[in-house]
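Peer 1: Dumping the structure here so I can ask a few things about it.
The values are calculated or read from the model by the stated rules, or taken from the named source; none is laboratory data. Worth saying up front: this structure is predicted, and the values here are computed from it rather than measured. We place every Cβ from the backbone using ideal geometry, glycine too, and count neighbours over all the protein chains shown. Accessible surface is based on the protein model in full, side chains and every heavy atom, while ligands, DNA and RNA are left aside. Shrake-Rupley method; radii C 1.70, N 1.55, O 1.52, S 1.80 Å.
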Amino acid sequence: MKKVLLSIGVFIALVLAINITLHARDTLASAGSDSAQRPDLLMIDSMKVFGPIKRRPVPFAHDAHQKAVAQKGQDCSVCHEAKPQSTNNELVYLFKRLENRDADTVRNIYHGQCIDCHEQTLAKGDKSGPVSCNACHTKDPKYTPGQAPMGFDHSLHYRHAKARDNKCEQCHHEYNKETEKLVYAKGKEGSCRYCHGDVKVENRIPMQAAAHQACITCHQAEKIKKKNSGPIDCGGCHDPEQQALIAKVDNIPRYERGQPDAALILPFSPDKPVDDKNLMQPVAFNHLAHESTNDTCRVCHHAEMSACVTCHTMKGDPEKGDDVNLMLAMHKEDADQSCIGCHKTLAEQTACIGCHAAMPRTAKKDEAKCAACHTAPPDSGMNLAKMDAKARRAMAEAMLKARPDNKKKVATEDIPETVTIDTMATVPAMTDPDLVLDQYKEAKLPHRKIYAALKKGVTDNNLAAFFHGNETTLCQGCHHNSPAGTKPPKCASCHSRPDRAANPLMPGLRGAYHQQCIGCHQVMNIEKVGCTDCHAKK
Amino acid sequence: MSVSRRKFLAWMGAAGVGLTGVGQAVAAGPKEFKGYTNSVGVLFDATRCVGCRSCEAACNKVNQLPAPEKPFDDLSVLDEKRRTDAESFTVVNRYTPPGAAKPVFRKIQCNHCLEPACASACFVKAFKKTPQGPVTYDASVCVGCRYCMIACPFEIPCYEYDKVLTPRVTKCTLCAPRLQQGLLPGCVSACPMEALTFGKREDLLKIAHERIRAYPGRYVDHVYGEREMGGTSWLHLSGVPFGQIDMREDLGTTPAPQLTKGALSVVPMVTGLWPVLLVGIYAITQRKNKIARQEQADAVATAVAQTQAEAEAKLAKAREAAEKQKQTAIDQAVKKALEEAAAEEKSQDTEES
């Protein structure tokens, strides 16, 4: 009897527990999903520095408050204190305090100041914020935070540099350990993120704090001087709509930081030259071209502004560069910063993906592809091992200029205007006694038009133009596995059987056509993917 | 030796557990069935399927099924999720997984398991896994219990509920009759995208893994059906997690028959043992009853004898007492008579005197 009672008890407890969990899940889900996002919304959870928070975080619309304060003729000092020793009125981005002293003090600051102000505003008959506990500590906030990341691209950098009269020291600094001060080091400027990471490390504040402190303090000072300045509200930087309004400068002059126009990526460590003719050919890297096509230097120089080989040594170093050697740093397919990784990502653009998505990953690398970057020095008598840095740079420039002219054009008359695919009708093996597969007429392929569309995608893009210099490579997008040229073999040469191929890894002719055409149309967002888009009904 | 009921049950329980344990160990051992060699199957590649429903139309045609409500080139049927029914052995459904640029299509039909649950559930052996690959159905022996429909983890077999006299269970046959004629299954023959590849299962597995290797970004690194439920003759490739196209990911790799094999293997033993056991118990009970009856009879006899003796003794005593009483009465009467006679004599004497 006792056992029975016990199992009933356990059952009831289980049912209750499941109910409660489900309920909790429902409420949690409803809190996040239904509410809209706002770029200025902050969740006040300041108490978490003192341990687990007891009440729900408070959604706080910063820009709405900033606007309301401004309307009253007040400024940021209503909510934020200035740093005591600051010369430029730098604010502390905590609410009404210089530091998080203890839980009671912080709680009282929020409760006292927020409710006080809301009550006073209410008393005046103005629109105001909540004054009751649950109205602030709400379980279903109307809005959730939604800040679009803000980037500092070349255009913004140029505008800032121009506005500050190229005084780099106003933003760029490094830390001097001896004097314990931030100092400016000419020629060693880098990205903020090289030092300011996601979290505070030693005395380096996180990127978020550093960016807000540096940007807003300066913007505010400019605003007081009635000068044209950047935003001081959240939305100005973090609202995607307002981001789109930020002026873009075309033809940005080059940064002056001593970088090369062309760099020679050597098959050995630059300070330990190896004189061996059997080494891989060097790569002349067009630094200048890459500067203008990337938004920031950080796209490639992801950890510091120095040559790749500084961290990614020839053999890899566990101490630096994550033990990734130079070869991998240049070729790693799944890395954003490697040459091949970045180029592969770029090949996923709509204009490129049609051909590139169909390319299988081959175990064997194509030697011709290696040679696109690894070119021989123009003068075979030159010895890389015996050159100094200056001579290597000069040689890289010479190599870029002397790149073999592989720009083979395809004459328009060599490109058939239309191709009629009617092979199916002529293949007797296609007839299936139970299935009549002749509901559709032949397909007429606007062959020349397709070629022109592919060519346009290539000419609009410097990277693509370089790798598709020989225009017959474009033909190889569809006429894959066949030698480059204007007379590729017929599809049926390989896809010999209509229904399925003798080689099970190769589709039959009908499958090959449909996979090729529809597969490409799908990824290139070309609407024509239905049967009657290509075939008329019989 | 006396055996209590509790002890007896404990022994039986232990024996049962032991037996099932042995059954499982055998199942998991080297006898694992990896499918018939050279059996055929079909590889479905969801990244190729464009949802044209040619396979449905072909299936309908080769199996001589009734015409559907909406024609096969009406793609509006894809707006809802369908399943196989008595009149359609295969259907294609459209899914829009989160984050996917284009819809994903998935064809549903019998997966022709290597060790089918339907066949293991069927007690008249209407379902059979043929060494060629197809799981076939024999309507002539089917009794219509529909256990197969409950057993199938893919919810494939359907039932002709509208046929009153000759209802059959229906499902994809892998076009077994067409395979005999050297033709491809109807759906495979009709697919313009070659999203369906027919071949030996071993070859299809190689093709599937080769596609994953050659296009790592295109596929989820899993061939559905390679090991699901012990493996199926139909194999599936997808670019999105299989759960997102309504394919069960909780099936595990154990074939359905093995899940019930342990328990069911005990059945013959139990059915064999039970008569012996029951007859034994019956005999023991009978004997026990017989002895009890005998003992009872003896006891009764003894009791009767004893009572009788006692009664007789009592009677004798009573008789004796009565005798005695009688004697006493006689004696007294004699005495009295003698006294009376003496007195009379005396009075006579006196009178006389």
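Peer 1: Only residues that are open to solvent by less than 70 Å² (accessible area, probe 1.4 Å) and either among the aromatic types (Phe, Trp, Tyr) or more than 11 Å from chain B (Cβ to nearest Cβ) (or both): list them for the stretch A:481-496, please. Explain how you work it out, then say what you get.
Peer 2: So in the stretch A:481-496, the residues open to solvent by less than 70 Å² (accessible area, probe 1.4 Å) come out as A:482, A:484-486, A:488-489, A:491-492, A:495.
Passing the criteria: A:Ser482, A:Ala484, A:Gly485, A:Thr486, A:Pro488, A:Pro489, A:Cys491, A:Ala492.
Peer 1: With respect to B:Arg106, determine if the residue is open to solvent by 20 Å² or more (accessible area, probe 1.4 Å), within 14 Å of chain A (Cβ to nearest Cβ) and in contact with a helix residue (DSSP H, G or I) (Cβ under 6 Å, 6 or more places away or on another chain).
Peer 2: Values: open to solvent by 20 Å² or more (accessible area, probe 1.4 Å): yes; within 14 Å of chain A (Cβ to nearest Cβ): no; in contact with a helix residue (DSSP H, G or I) (Cβ under 6 Å, 6 or more places away or on another chain): yes.
So B:Arg106 does not fit the description; no.
Peer 1: Is it the case that the stretch B:211-221 has a residue that's open to solvent by less than 10 Å² (accessible area, probe 1.4 Å) and more than 8 Å from chain A (Cβ to nearest Cβ)?
Peer 2: no
Peer 1: Here is a follow-up. Any idea how many residues of the stretch A:502-538 are at the interface with chain B (Cβ under 9 Å from one of its Cβ atoms), at pLDDT below 90 and within 33 Å of the chain's Cα centre (by Cα)?
Peer 2: The qualifying residues number 1.
Peer 1: Please state which of the following conditions A:Glu471 fails to meet, knowing it meets all the rest: (1) within 14 Å of chain B (Cβ to nearest Cβ); (2) in contact (Cβ under 8 Å) with a residue 24 or more places away in the chain.
Peer 2: Result: A:Glu471 fails condition (1) only.
Peer 1: With at pLDDT below 95, open to solvent by less than 10 Å² (accessible area, probe 1.4 Å) and at negative phi as the only criterion, which of B:Pro157, B:Pro185 stands out?
Peer 2: Working: B:Pro157 fails: at pLDDT below 95.
Exactly one of B:Pro157, B:Pro185 is at pLDDT below 95, open to solvent by less than 10 Å² (accessible area, probe 1.4 Å) and at negative phi, namely B:Pro185.
Peer 1: Can you name the residue in the stretch A:453-466 that is open to solvent by 80 Å² or more (accessible area, probe 1.4 Å) and assigned to a helix (DSSP H, G or I) and is also nearest to the other protein chains (Cβ to nearest Cβ) among such residues? Give the derivation first.
Peer 2: Residues of the stretch A:453-466 open to solvent by 80 Å² or more (accessible area, probe 1.4 Å): A:456, A:459-460, A:462.
The next check asks that each one be assigned to a helix (DSSP H, G or I); those that pass are A:456, A:459, A:462.
Values: A:Lys456: 22, A:Thr459: 26, A:Asn462: 25 Å.
Filtering first and then ranking leaves A:Lys456.
Peer 1: Among the residues of the stretch A:497-530, what is the count of those that are surrounded by fewer than 15 Cβ atoms within 10 Å (Cβ to Cβ) and in contact (Cβ under 8 Å) with a residue 12 or more places away in the chain?
Peer 2: First, the residues of the stretch A:497-530 that are surrounded by fewer than 15 Cβ atoms within 10 Å (Cβ to Cβ): A:502-503, A:505, A:525, A:527-528, A:530.
From what is left, the residues that are in contact (Cβ under 8 Å) with a residue 12 or more places away in the chain are A:525.
Selection size over the stretch A:497-530: 1.
Peer 1: Please determine whether any residue of the stretch A:276-285 is hydrophobic (A, V, I, L, M, F, W, C), within 22 Å of A:His312 (Cβ to Cβ) and open to solvent by less than 30 Å² (accessible area, probe 1.4 Å).
Peer 2: Yes; the residues of the stretch A:276-285 include at least one that is hydrophobic (A, V, I, L, M, F, W, C), within 22 Å of A:His312 (Cβ to Cβ) and open to solvent by less than 30 Å² (accessible area, probe 1.4 Å).
Peer 1: Here's a follow-up. Consider A:Tyr143 against the criteria (1) out of contact with any Lys or Arg (no Cβ under 8 Å at 6 or more places or on another chain); (2) open to solvent by 50 Å² or more (accessible area, probe 1.4 Å): it satisfies all of them except one. Which criterion is unmet?
Peer 2: Only one criterion in (1) out of contact with any Lys or Arg (no Cβ under 8 Å at 6 or more places or on another chain); (2) open to solvent by 50 Å² or more (accessible area, probe 1.4 Å) is unmet by A:Tyr143, namely (1).
Peer 1: A further question on this structure: Go through (1) out of contact with any Cys (no Cβ under 9 Å at 6 or more places or on another chain); (2) modelled with pLDDT of 90 or more; (3) assigned to a loop (DSSP other than H, G, I, E, B) for A:Phe95 and report which single condition fails.
Peer 2: (1)
Peer 1: Any idea how many residues of the stretch A:118-134 are in a loop (DSSP other than H, G, I, E, B) and not acidic (Asp, Glu)? Before you say what the answer is, go through the steps one by one.
Peer 2: At the first step, the residues of the stretch A:118-134 found to be in a loop (DSSP other than H, G, I, E, B) are A:124-132.
This time we only want the ones that are not acidic (Asp, Glu), so: A:124-125, A:127-132.
Residues meeting the conditions: 8.
Peer 1: If we keep just the residues of the stretch B:160-182 that are part of a loop (DSSP other than H, G, I, E, B) and under 26 Å from A:Tyr440 (Cα atoms), which is least open to solvent (accessible area, probe 1.4 Å)? Lay out the reasoning, then the answer.
Peer 2: Initially, the stretch B:160-182 is screened for residues part of a loop (DSSP other than H, G, I, E, B), giving B:160-168, B:171-175, B:181-182.
The next check asks that each one be under 26 Å from A:Tyr440 (Cα atoms); those that pass are B:175, B:182.
Details: B:Cys175: 17, B:Gly182: 62 Å².
My answer is B:Cys175.
Peer 1: Inside the stretch A:186-205, can you point out the residues that are assigned to a loop (DSSP other than H, G, I, E, B), without any contact (Cβ under 8 Å) to a residue 12 or more places away in the chain and open to solvent by less than 80 Å² (accessible area, probe 1.4 Å)?
Peer 2: We begin by selecting, within the stretch A:186-205, every residue assigned to a loop (DSSP other than H, G, I, E, B); these are A:186-191, A:195-200, A:202-203, A:205.
Cutting the leftovers down to without any contact (Cβ under 8 Å) to a residue 12 or more places away in the chain gives us A:197-200, A:202, A:205.
Residues satisfying the conditions are A:Gly197, A:Ile205.
Peer 1: Does A:Ala70 satisfy being open to solvent by less than 70 Å² (accessible area, probe 1.4 Å), modelled with pLDDT under 60 and over 20 Å from A:Val131 (Cα atoms)?
Peer 2: Numbers: open to solvent by less than 70 Å² (accessible area, probe 1.4 Å): yes; modelled with pLDDT under 60: no; over 20 Å from A:Val131 (Cα atoms): yes.
In short, no.
Peer 1: Scan the stretch B:188-210 for residues that are within 10 Å of another protein chain (Cβ to nearest Cβ) and part of a helix (DSSP H, G or I) and jot them down. So that I can check it myself, show each step before the final result.
Peer 2: At the first step, the residues of the stretch B:188-210 found to be within 10 Å of another protein chain (Cβ to nearest Cβ) are B:188-200, B:203-204, B:206-207, B:210.
Correct list: B:Val188, B:Ser189, B:Ala190, B:Asp203, B:Leu204, B:Lys206, B:Ile207, B:Glu210.
Peer 1: Would you confirm, using the coordinates I've provided, whether B:Ala208 is more than 19 Å from B:Cys172 (Cβ to Cβ) and free of Cβ contacts under 8 Å to residues at least 24 places away in the same chain? Give the steps one after another, and end with the answer.
Peer 2: Values: more than 19 Å from B:Cys172 (Cβ to Cβ): yes; free of Cβ contacts under 8 Å to residues at least 24 places away in the same chain: no.
Answer is no for this residue.
Peer 1: Further question: Being in a helix (DSSP H, G or I), open to solvent by 40 Å² or more (accessible area, probe 1.4 Å) and touching a helix residue (DSSP H, G or I) at 6+ places or on another chain (Cβ under 8 Å) narrows it down to one residue among A:Ala371, A:Ala351, A:Ala329, A:Ala303; which is it?
Peer 2: On the way: A:Ala371 fails: touching a helix residue (DSSP H, G or I) at 6+ places or on another chain (Cβ under 8 Å); A:Ala329 fails: open to solvent by 40 Å² or more (accessible area, probe 1.4 Å); A:Ala303 fails: in a helix (DSSP H, G or I).
Result: A:Ala351 is the single residue among A:Ala371, A:Ala351, A:Ala329, A:Ala303 that is in a helix (DSSP H, G or I), open to solvent by 40 Å² or more (accessible area, probe 1.4 Å) and touching a helix residue (DSSP H, G or I) at 6+ places or on another chain (Cβ under 8 Å).
Peer 1: Next up: Out of curiosity, is A:Pro360 open to solvent by 50 Å² or more (accessible area, probe 1.4 Å), touching a helix residue (DSSP H, G or I) at 6+ places or on another chain (Cβ under 8 Å) and away from chain B (no Cβ under 14 Å)? If you could, list the steps in order and put the result at the bottom.
Peer 2: Working: open to solvent by 50 Å² or more (accessible area, probe 1.4 Å): yes; touching a helix residue (DSSP H, G or I) at 6+ places or on another chain (Cβ under 8 Å): yes; away from chain B (no Cβ under 14 Å): no.
No.
Peer 1: Tell me, yes or no, whether the stretch A:79-92 has at least one residue that is among the small types (Gly, Ala, Ser) and in contact with a Ser or Thr (Cβ under 8 Å, 6 or more places away or on another chain).
Peer 2: Filtering the stretch A:79-92 for residues among the small types (Gly, Ala, Ser) gives A:82, A:86.
Now restrict to residues that are in contact with a Ser or Thr (Cβ under 8 Å, 6 or more places away or on another chain): none.
No.
Peer 1: Looking only at the stretch A:306-326, which residues are at negative phi, part of a loop (DSSP other than H, G, I, E, B) and either in contact with a Phe, Trp or Tyr (Cβ under 9 Å, 6 or more places away or on another chain) or free of Cβ contacts under 8 Å to residues at least 24 places away in the same chain (or both)? Working first, answer last.
Peer 2: Just the residues of the stretch A:306-326 that are at negative phi, to begin with: A:306-315, A:317-320, A:324-326.
This time we only want the ones that are part of a loop (DSSP other than H, G, I, E, B), so: A:306-307, A:312-315, A:318-319, A:324-325.
Of everything in the stretch A:306-326, those that are at negative phi, part of a loop (DSSP other than H, G, I, E, B) and either in contact with a Phe, Trp or Tyr (Cβ under 9 Å, 6 or more places away or on another chain) or free of Cβ contacts under 8 Å to residues at least 24 places away in the same chain (or both) turn out to be A:Ser306, A:His312, A:Met314, A:Lys315, A:Pro318, A:Glu319, A:Val324, A:Asn325.
Peer 1: In the stretch A:230-250, is there at least one residue being surrounded by fewer than 17 Cβ atoms within 10 Å (Cβ to Cβ) and over 22 Å from the mean Cα position of the chain (by Cα)?
Peer 2: No - not one qualifying residue is present in the stretch A:230-250.
Peer 1: Moving to a separate point now. Outside any loop (DSSP other than H, G, I, E, B), in contact with a helix residue (DSSP H, G or I) (Cβ under 7 Å, 6 or more places away or on another chain) and farther than 19 Å from A:Arg298 by Cα: is that true of A:Gly230 in this structure? Before the answer, list the steps.
Peer 2: Working: outside any loop (DSSP other than H, G, I, E, B): no; in contact with a helix residue (DSSP H, G or I) (Cβ under 7 Å, 6 or more places away or on another chain): yes; farther than 19 Å from A:Arg298 by Cα: yes.
Answer is no for this residue.
Peer 1: Hey, among B:Ala333, B:Ala299, which residue is surrounded by 10 or more Cβ atoms within 10 Å (Cβ to Cβ), aliphatic (A, V, I, L, M) and over 60 Å from the mean Cα position of the chain (by Cα)? Break it down stepwise before answering.
Peer 2: Values: B:Ala299 fails: over 60 Å from the mean Cα position of the chain (by Cα).
After applying the criteria, what remains is B:Ala333.
Residues checked against (1) in contact with a Cys (Cβ under 6 Å, 6 or more places away or on another chain); (2) more than 14 Å from chain A (Cβ to nearest Cβ); (3) without any contact (Cβ under 8 Å) to a residue 60 or more places away in the chain:
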position	(1), (2), (3)
B:Ala46	no, no, no
B:Cys55	yes, no, no
B:Ala58	yes, no, no
B:Glu69	no, yes, yes
B:Cys118	yes, yes, yes
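Peer 1: Moving on. If you check A:Phe60 against the conditions, is it hydrophobic (A, V, I, L, M, F, W, C), in a loop (DSSP other than H, G, I, E, B) and surrounded by 14 or more Cβ atoms within 10 Å (Cβ to Cβ)?
Peer 2: Working: hydrophobic (A, V, I, L, M, F, W, C): yes; in a loop (DSSP other than H, G, I, E, B): no; surrounded by 14 or more Cβ atoms within 10 Å (Cβ to Cβ): yes.
No; evaluated as a whole, the condition is false for this residue.
Peer 1: Looking at (1) closer than 30 Å to B:Gly35 by Cα; (2) open to solvent by less than 100 Å² (accessible area, probe 1.4 Å), which is the one condition that is false for B:Gly272?
Peer 2: All conditions pass for B:Gly272, except number (1).
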